[in-house]
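Trainee: Mind having a look at this structure? Questions to follow.
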Amino acid sequence: MAVPSTAITRYELSAPVMEFNLAMDRMKFIGPKVLRPRFVSGQAGDIGKVPLKQLLQNRSTKRAPGAGYDRGNFTFDKFDFHTDEYGAEEAIDDRKLEAYRDLLDAEGIHSERAIDAVLRAYEVACSSAIYDTTVWAGASLTTALTNEWDDATNATPIADISAARELVITGCGLEPNALICNSLQYWNLCQTNQIVDRIKYAQRADQATVANAVSDVLGLRYIL
């Protein structure tokens with residue numbers, strides 16, 4: 001339960017002053033967009049998995065007179081899963097809640113803290129997974145930049161993204177549609193000469209328009 005940290009009470013304040021807006025900060029979270037949670041009916045189980053090569057097969061569709069059509073089949077394997085329980089608890093003492101009800105909405109703040117704890121932990125877990133250099137390593141999974149994007153004159157972000165896209169397509173057959181980067185990397189990207197030359201004739205220069213233009217130039221649907 002929240003407890004006062006000062007002996008001076010400012011009764012003239014009509015609302016508590018919080019030094020950080022948790023709800024506003026969570027608007028920038030991208031974890032659920034990057035690694036979308038999958039809802040399951042049990043705590044653990046097995047799931048059938050049909051490999052991509054079993055779905056995409058070259059087959060003859062021509063039938064000879066008196067013969068049947070080419071019959072196909074497929075094989076599948078499985079993977080197992082188990083779930084862990086996550087949560088956060090905030091204790092509210094009724095006596096303290098009553099004592100400080102004129103100063104702050106303790107219930108609301110406790111709720112915000114609990115929600116933020118769970119979602120922030122999920123954000124950290126997603127970040128740890130997608131930036132795990134022990135998993136994403138080697139020439140088959142990663143590309144190298146000749147010039148970092150903070151080198152506005154020499155950086156070639158369009159070629160960099162194109163090379164990464166081709167690597168993903170070659171590896172799994174799926175075409176990537178999103179770029180994940182931090183705000184500083186995105187800012188550097190927008191300042192590169194290669195990008196500026198492509199979007200400088202946009203009618204508007206607001207952030208939303210620039211973001212859409214950069215996405216179009218890179219051939220992506222999302223920049224997270």
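Trainee: Give me the one-decimal nm value for the distance between modelled label points at GLU85 and LEU103, 7 Å along each residue's Cα-to-Cβ direction.
Mentor: The modelled label-to-label distance comes out at 3.5 nm.
Trainee: Sticking with this structure for a sec: Taking the range 143-223, which chymotrypsin sites (Phe, Trp or Tyr not before Pro) meet the DSSP loop condition and have no more than 12 other C-beta atoms within 10 Å? If you can, show how the numbers build up before the last one.
Mentor: Details: sites: TRP149, TYR186, TRP187, TYR201, TYR222; in loops: TRP149, TYR201.
Listed in order of number, the matching sites are TYR201.
Trainee: Between LYS49 and ALA208, what FRET efficiency follows from the Cβ-Cβ distance if R0 is 45 Å, with the result rounded to 0.05?
Mentor: 0.70
Trainee: So, one more: Would you kindly work out the equivalent ellipsoid of the range 167-214 from its C-alpha gyration tensor and give its semi-axes, the square roots of five times the eigenvalues, largest first in whole Å? Mind showing how you got there, number by number?
Mentor: Values: eigenvalues 125, 32, 23 Å².
Three semi-axes, in Å: 25, 13, 11.
Trainee: May I pose another question? Give a quick list of trypsin sites (Lys or Arg not before Pro) in the range 179-224 that DSSP marks as loop, anything other than H, G, I, E or B, with at most 14 other Cβ atoms within 10 Å.
Mentor: Numbers: sites: ARG198, LYS200, ARG204, ARG221; in loops: LYS200, ARG204, ARG221.
Sites meeting the loop and neighbour criteria: LYS200, ARG204, ARG221.
Trainee: Can you send over the carbon and sulfur percentage of the accessible area for the range 14-102, probe radius 1.4 Å, protein chains only?
Mentor: Solvent-exposed carbon and sulfur of the range 14-102 make up 51 percent of the total.
Trainee: What residues qualify as long-range amide H neighbours of LEU179, i.e. H under 5 Å apart, gap of 5 or more or another chain, H built at 1.01 Å from N?
Mentor: Under 5 Å from the amide H of LEU179 lie the amide H atoms of TYR222, ILE223, LEU224, each far enough along the sequence or on another chain.
Trainee: Add -39500 (n - 2.57) for each DSSP H run of 4 or more in the chain, then divide by its residues: what number comes out at 222 nm, to the nearest 500 deg cm²/dmol? Kindly include the intermediate steps, with their values, before the conclusion.
Mentor: On the way: 9 runs with 88 residues, N = 224.
The helix-only estimate for the chain comes to -11500 deg cm²/dmol at 222 nm.
Trainee: For q = 0.10, 0.14, 0.15 Å⁻¹, what log10 I(q)/I(0) does the chain give under the Debye formula with an equal point scatterer on each alpha carbon and no solvent?
Mentor: Reported log10 I(q)/I(0), two decimals: -0.79, -1.09, -1.15.
Trainee: For the pair ILE92/PHE76, report the inter-label distance in nm, with labels modelled 7 Å from Cα in the Cβ direction.
Mentor: Placing both labels 7 Å beyond Cα along the Cβ direction yields 4.6 nm.
Trainee: Here is a further query. Over the Cα atoms of the range 7-132, compute the convex hull volume and normalise it per residue, giving Å³.
Mentor: 215 Å³
Trainee: Please report the spacing between the Cα centers of the range 81-150 and the range 192-224 in Å, no decimals.
Mentor: Going from one Cα centre to the other spans 30 Å.
Trainee: In addition: How large is ³J(HN,Hα) for each residue in the range 42-48, as worked out from phi by the Karplus curve 6.51 cos²θ - 1.76 cosθ + 1.60 (θ = phi - 60°), to whole Hz, x for Gly and Pro?
Mentor: With the stated coefficients, the range 42-48 comes to x, 6, 7, x, 10, 10, x Hz.
Trainee: Continuing with the same structure: So which trypsin sites (Lys or Arg not before Pro) in the range 84-161 are both in a DSSP loop and have at most 15 other Cβ atoms within 10 Å of their Cβ?
Mentor: ARG101
Trainee: Roughly what would the spin-label model give for ALA23 and THR133, points 7 Å off Cα along C-beta, in nm?
Mentor: Here the modelled spin labels are 3.9 nm apart.
Trainee: Please state the Cα pair-distance histogram of the range 97-213 with 5 angstrom bins from zero: what percent is in each bin?
Mentor: P(r) over the range 97-213, rounded to whole percents: 2, 9, 12, 15, 15, 13, 10, 8, 6, 5, 4, 3, 1.
Trainee: Give the peptides 61-67, 74-80, 151-157 in descending order of average Cβ contacts within 10 Å, highest first.
Mentor: Values: 61-67: 6.7, 74-80: 8.7, 151-157: 15.7.
So the peptides 61-67, 74-80, 151-157, ranked by packing, come out 151-157, 74-80, 61-67.
Trainee: Label 7 Å along Cα→Cβ of ALA125; the range 25-40 residues with amide nitrogen under 17 Å?
Mentor: Counting only backbone N, you get 29-40.
Trainee: Mind checking the per residue accessible area of the chain for me, 1.4 Å probe, whole number of Å²?
Mentor: 79 Å²
The values are calculated or read from the model by the stated rules, or taken from the named source; none is laboratory data. Owing to the predicted nature of the structure, the values given are computational and were not obtained by experimental measurement. All Cβ positions, even for glycine, are placed from backbone atoms using ideal geometry, and neighbour counts span all protein chains on display. Accessible surface is based on the protein model in full, side chains and every heavy atom, while ligands, DNA and RNA are left aside. Shrake-Rupley method; radii C 1.70, N 1.55, O 1.52, S 1.80 Å.
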